[in-house]
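Let me begin by presenting the structure, written as C-alpha cells, before commenting on it.
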Amino acid sequence: MSNEATKPIKILFVCLGNICRSPAAEGVMRKQAQEKGLDDQIEIDSAGLGNWHVGDLPDRRMRTAAATRGYNLTHHARQITKKDFDRFDLIIGMDEENVKALKRLAPSAEAQKKVVRMTAYSTIRPRPATVPDPYYGTTRDFDYALDLLEDACQGLIDHLF
Ligand code: 4NP
C-alpha cells in the first residue's frame, strides 16, 4: 500500500459555538473509531464559526448528556481559521447555516468541496435535514442531537471504510 493510502483522513466538525454539537460529534466519532480499531486512520477535531466560547469546555448540559452514553468531552472551543481548509480533508457542518458560512469562508473552490453537511451521512429515514442547535433547548434537544450524531458518525465511518 502506498503512503497515500495509509495516510489518516482528517475530519473537522464545525458548528456555531463549538460547545454543543461539534465537540459532541468529535467525541462520538473518536469513540466509534476507537471501538472499530480505526483510531490511527482518522484524525478528528472540531471548531466553531463564532468566537464567543473560545477556550471553553463543552456546555455542561452536553457534557452530562454525552457522559450518560460513555463519551468524555474534553475539547476546548476554538474558532475555525482559513488554514483549517488546508489541514483537513472533510469539513462537516451541523446545519445548513454552518454549511453556507463554511463555503463562504473557504479560500478556494477546491476547499469548498471539502464542506459537507453532517446529516448527509445519516442512515435514518426520512433523512434529517440538520443537527438542530440545542443551545436554547431542553435536555431532550441535547439527547436528540446525540442520537443524530451517533447515527451520522456510524454512516460516515461506513462511507469512508
Ligand atoms: P453549538 O451551540 O453551535 O452547537 O455549539 C451553540 C452554542 C452557543 C451559541 C450558539 C450555539 N451562542 O450563541 O453562544
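Shown is the FRET efficiency for T6 and A120, computed with R0 = 22 Å from the Cβ-Cβ distance and rounded to the nearest 0.05: 0.30.
Beyond 13 Å, the tail of the calculated P(r) for segment 9-55 holds 52 percent of the Cα pairs. Remark: for residue pairs K7/K36; K31/K114; K7/K103, the C-alpha separation exceeds 27 Å in no case. Only Cα pairs under 8 Å and 6+ residues apart enter the sum, and on that basis the relative contact order of segment 87-132 stands at 45 percent.
When the trypsin sites (Lys or Arg not before Pro) in segment 78-115 are filtered for DSSP coil states and for at most 13 other beta-carbon atoms within 10 Å of their beta-carbon, the remaining sites are K82, K83, K113. Based on a Kirkwood Rh over C-alpha pairs, give the Stokes-Einstein translational diffusion coefficient of segment 89-156 at 20 °C and viscosity 1.002 mPa s in µm²/s. After rounding, the answer is 170 µm²/s. Sorted largest first, the principal axis extents computed over the alpha-carbon atoms of the chain equal 47, 34, 34 Å. Does segment 25-79 come out rounded, prolate or oblate, given a ≥ b ≥ c as the square roots of the eigenvalues of its C-alpha gyration tensor, rounded meaning a/c under 1.5 and, failing that, prolate meaning a/b above b/c? Oblate, because a/c is 1.5 or more while a/b does not exceed b/c. Cβ-Cβ distance of D39 and A109, R₀ of 41 Å, FRET efficiency by 1/(1 + (r/R0)^6): the value works out to about 0.80. Farthest toward the positive end of the dipole of the chain, out of A111, I92, P58, is the Cα of A111, where the dipole comes from beta carbon charges about the Cα centre.
Throughout, read-outs are computed from the coordinates displayed, never taken from laboratory work. Model, not experiment: these values are computed from the prediction. In this analysis, Cβ positions are derived from the backbone assuming ideal geometry, glycine residues included, and neighbour counts consider all displayed protein chains.
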